[in-house]
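Bear in mind that the values in this text are calculations on the coordinates, not laboratory data. Bear in mind the structure is a predicted one, so any value in this text is a computation, not a measurement. Neighbour counts run over all protein chains shown; Cβ positions are idealised from the backbone, glycine included.
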Amino acid sequence: MAEFQSLLDNIDSFKGLLVKHEEVIHQKKVVLQEKKKIAADMQAEIDELTKEFDGMAHRKEELEKTIEEAEKAYSRITQSTQTLQAVIQQEFHRFQDPDPMGSQKMAGSPKS
């Protein structure tokens with residue numbers, strides 16, 4: 001009977017190991033679930049940041065286009081202003097000399 005008691009003791013020993021192993025498995029399972037939750041939360045945050053980044057990149061492109069169009073408009077305004085200034089100066093000089101054609105006629109006329 002002693003040999004059977006030894007076998008029963010070994011079985012009880014294995015049962016103790018099994019219980020400890022099940023506890024470790026349960027702890028690992030809890031840790032795994034926590035890590036999965038953390039990973040899911042981080043993925044959600046990454047997705048949100050990616051969406052925000054994409055929106056900001058799109059807005060940057062829009063701003064660059066706006067700046068480019070504004071610079072073109074400024075250039076056109078500057079050119080138009082220079083043209084207008086030249087026309088105004090020409091008209092101003094034309095009106096300062098009341099008879100620009102008369103002086104040419106007089107220079108070519110015979111003297112009396």
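What shape does the stretch 10-90 take by its C-alpha gyration tensor, where a ≥ b ≥ c are the square roots of the eigenvalues and a/c under 1.5 counts as rounded, a/b above b/c as prolate, and the rest as oblate?
Prolate shape, in that a/c is at least 1.5 and a/b is the bigger ratio.
Using Cα springs under 10 Å in a Gaussian network model of the chain, which residue among Lys37, Lys20, Lys65 shows the largest mean-square fluctuation?
Sorting by GNM fluctuation, first place goes to Lys20.
When the helix-only estimate is applied to the chain (DSSP H runs of n ≥ 4, each -39,500 (n - 2.57), divided by the residue count), what is the mean residue ellipticity at 222 nm, nearest 500 deg cm²/dmol?
-35000 deg cm²/dmol
Using +1 at the C-beta of Lys and Arg and -1 at the C-beta of Asp and Glu, which of Met42, Ala73, Ala2 has the Cα lying farthest in the positive direction of the dipole of the chain?
The residue sitting farthest along the positive end of the dipole is Ala73.
Nothing charged except the Cβ atoms of Lys and Arg (+1) and of Asp and Glu (-1): what's the magnitude of the dipole of the stretch 1-48 about its Cα centre? Round to the nearest 20 debye.
Roughly 80 debye for the stretch 1-48.
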